[in-house]
Amino acid sequence: MFTHGDLQVTHVFVDGDEITGVIDWSEAAQGDALFDLATLTLGHEERLGDVVAGYGTDVDLDVIRAWRSLRSLLAVRWLVEHGFDPSSPGCEVDVLRSRM
């Protein structure tokens, strides 16, 4: 399946209840669509039910949670490799801590 690869709220444009555009396809590739759902709802777990309902098929929530974990670990790695502190306010570790 073709996936966006970095589907997050800031990359989706909406007008009311209609999606009008999706930007930043630089990480698009073949992959698991549940990774996109995991990324889209990361930090917005309260919206997961709505997203899954709109997806139109059975979704294994444990798979979404696993993809979220992997995405968070990859983000921490990227931040460290590029000289950023992943526990700075608003960064990955800070966001993860806020969900505990």
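If you take the residues in the stretch 43-86 that are small (G, A, S) and exposed (fewer than 14 other Cβ atoms within 10 Å of the Cβ), which one is farthest from A33 (Cα to Cα)?
So in the stretch 43-86, the residues small (G, A, S) come out as 43, 49, 53-54, 56, 66, 69, 72, 75, 83.
If we keep only those that are exposed (fewer than 14 other Cβ atoms within 10 Å of the Cβ) as well, we get 49, 53-54, 56, 69, 83.
Values: G49: 16, A53: 15, G54: 13, G56: 13, S69: 15, G83: 30 Å.
Applying the filter and picking the extreme gives G83.
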Using the structure shown, decide if A28 is farther than 17 Å from E92 by Cα, surrounded by 13 or more Cβ atoms within 10 Å (Cβ to Cβ) and among the aliphatic types (A, V, I, L, M).
yes
Selected residue [hydrophobic (A, V, I, L, M, F, W, C), outside any loop (DSSP other than H, G, I, E, B) and in contact with a Ser or Thr (Cβ under 6 Å, 6 or more places away or on another chain)] from L37, L48, L7
L48
In the stretch 54-64, residue nearest to V95 (Cα to Cα) [restricted to those that are in a helix (DSSP H, G or I) and modelled with pLDDT of 90 or more]
I64
Yes/no for G83 being modelled with pLDDT of 90 or more, farther than 19 Å from V9 by Cα and out of contact with any Cys (no Cβ under 9 Å at 6 or more places or on another chain):
yes
Against the condition assigned to a loop (DSSP other than H, G, I, E, B) and not aromatic (F, W, Y), how does S72 come out, does it pass?
no
Checking T10 against (1) within 11 Å of the chain's Cα centre (by Cα); (2) surrounded by 10 or more Cβ atoms within 10 Å (Cβ to Cβ), which single condition isn't satisfied?
(2)
For the subset of the stretch 51-76 comprising residues that are of a type outside the set (A, V, I, L, M, F, W, C) and under 17 Å from E27 (Cα atoms), which member is farthest from the chain's Cα centre (by Cα)?
S72
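The values are calculated or read from the model by the stated rules, or taken from the named source; none is laboratory data. What you see is a predicted model, and the numbers here were worked out from it, not measured in a lab. Please note: Cβ atoms are built from the backbone with ideal geometry, for glycine as well, and neighbour counts cover all protein chains shown.
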